[in-house]
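The values are calculated or read from the model by the stated rules, or taken from the named source; none is laboratory data. Quick caveat, the model's predicted, so the values are computed rather than measured. Here the Cβ positions follow ideal geometry from the backbone for every residue, glycine too, while neighbour counts run over all protein chains shown. These accessible areas exclude ligands, DNA and RNA; they are computed on the full protein's heavy atoms, side chains included. Shrake-Rupley method; radii C 1.70, N 1.55, O 1.52, S 1.80 Å.
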Amino acid sequence: MLRRILSLLFPPKCVFCRRILGREETDLCRNCRTHAPEFTKPKRNISFVAQWTAVWYYNNNVRKSILRYKFYNARSYALVYGRFLAMQLQKQMADGYDILSYVPISPLRRFLRGYDQVQLLADAVAKELGVPYVCTLKKIRHTRAQSGIREESQRRANVIGAYRVIDPSFVSGKRILLLDDVITTGATVSECAKTLLIQGAKEVRCAAIAAVQHDKK
């Protein structure tokens, strides 16, 4: 009864367009599920990353949805993103990793925001896949937000030396799958992958909710 009352007071909405969902709809409305810009395949390589993928392109309502998730406390979106990302991983990287991990934000940003959106994503994905996630990295230097930096070279410089492996013995010889929210130029996941490889990781792969579409051809 309580659940029914709550659903009447706060009806579930599409995570992308925020339209109230119909009875047969879950997570996304029929229109968004059909027309959301699905990620096809990487148009570029990312240094130190063996393979990477995403669920959608970072366009239109997908972008607006992720911005709400990151900056406007829409934490519940992690469950939806996690379901879709888990399905993508089962299709493309089912046996491609030993450890599921994530790209952490800085302690200062976590304090100001109140949560680490990528950790929430990792928790959701791990539950969908029935595997644990592991914190392999910590961010030791607060950096400017990558979203505010346009030049790729400046993005790379911004994150150099910003991450450290928590326990090198735990990543040594392991194939690691790093999760992130958005892959733009790949500078952040590249720096994280390099840090893990230096400490003995065998291979690093990455996956994200969305990726910027650099080449629309």
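Do you know which residues across region 179-203 are assigned to a strand (DSSP E or B) and over 15 Å from the mean Cα position of the chain (by Cα)? Matches in region 179-203: Glu203 only. If you go through region 147-167 and keep only what is more than 15 Å from Ala193 (Cβ to Cβ) and surrounded by fewer than 16 Cβ atoms within 10 Å (Cβ to Cβ), you end up with Ser147, Gly148, Arg150, Glu151, Glu152, Ser153, Gln154, Ala157, Ile166, Asp167. If you go through region 97-114 and pick out every residue that is part of a loop (DSSP other than H, G, I, E, B) and either on the phi > 0 side of the Ramachandran plot or in contact with a Leu (Cβ under 7 Å, 6 or more places away or on another chain) (or both), you end up with 4. Looking for something closer than 21 Å to Leu67 by Cα and at pLDDT below 95 - is there at least one such residue anywhere in region 127-142? Within region 127-142 (the criterion being closer than 21 Å to Leu67 by Cα and at pLDDT below 95), the answer is yes, since at least one residue qualifies.
When each of Val165, Val103, Val189, Val118 is tested for being in contact with a helix residue (DSSP H, G or I) (Cβ under 8 Å, 6 or more places away or on another chain) and touching a residue at least 60 places away in the same chain (Cβ under 8 Å), the lone residue that passes is Val103. Within region 121-143, the set of residues being of a type in the set (D, E, K, R) and farther than 12 Å from Phe84 by Cα comprises Asp123, Lys127, Lys138, Lys139, Arg141. Any idea which residue in region 17-75 is farthest from Arg110 (Cα to Cα), counting only those that are among the hydroxyl-bearing types (Ser, Thr, Tyr) and open to solvent by 40 Å² or more (accessible area, probe 1.4 Å)? Out of the qualifying residues, it is Thr34. List the number of the failed condition for Tyr69; all other conditions in (1) in contact (Cβ under 8 Å) with a residue 60 or more places away in the chain; (2) over 16 Å from the mean Cα position of the chain (by Cα); (3) not in a loop (DSSP other than H, G, I, E, B) hold. Result: Tyr69 fails condition (2) only. For Leu85, state whether it is without any contact (Cβ under 8 Å) to a residue 40 or more places away in the chain and of a type outside the set (Ser, Thr, Tyr). No: the conditions fail for Leu85.
Summed over region 160-201, residues that are basic (Lys, Arg) and in contact with an Asp or Glu (Cβ under 8 Å, 6 or more places away or on another chain) total 2.
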